[in-house]
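I have placed the structure first, in the form of structure tokens, so that the comments after it can refer back to it.
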Amino acid sequence: MVSLLVCVGLIAASVSVRNDKNTPPVVQQVGNDVVGITSWVVALPANGISHGLDDVANLFNTYSENERLKSSLDDLAQTKVQNQSLRQENKQLKKRTEVEGHTDGLQHHVSSGNLAFSIRLDKHGGH
């Protein structure tokens, strides 16, 4: 804040020296150079701080996005495992249905609570 006030003061002094016709051009040129250098010196750290703050904000945004993507990746991995398990179960059920559909006899399934019974009746009455 102080440097901003100093810069504004130097600009005002430069304008007043420029408007004074009795001021030699060398003094006016030195005043302009001082104002130019001072504004550069003030702007350099201000721009550095501004860019630094932008970089920190980008870093926090990157971190947040990374956390969100990790969560999505975990969900994707769980879905992939679940899909593989369901494919395996589906394959087993298809094989089971195929076997049951091609038997010579009738097959009945009776389930009671946690117990499951399978009774097979053969057409030929044999073993």
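Taken together, Val41, Val81 contain a single residue that is under 28 Å from Ile11 (Cα atoms) and in a helix (DSSP H, G or I), which is Val41. From the list Lys123, Lys80, the lone residue that is modelled with pLDDT of 80 or more and either surrounded by 10 or more Cβ atoms within 10 Å (Cβ to Cβ) or on the phi < 0 side of the Ramachandran plot (or both) is Lys80. Among the criteria (1) surrounded by 11 or more Cβ atoms within 10 Å (Cβ to Cβ); (2) modelled with pLDDT under 70, the one Asn19 does not fulfil is (1). Regarding Thr38, is this residue of a type outside the set (A, V, I, L, M, F, W, C), within 30 Å of Val6 (Cβ to Cβ) and surrounded by 10 or more Cβ atoms within 10 Å (Cβ to Cβ)? Yes, satisfied.
The values are calculated or read from the model by the stated rules, or taken from the named source; none is laboratory data. Only a predicted model underlies this, so the values are computations on that prediction, with no experimental measurement involved. Glycine also receives a Cβ, built like all others from the backbone with ideal geometry; neighbour counts cover every protein chain displayed.
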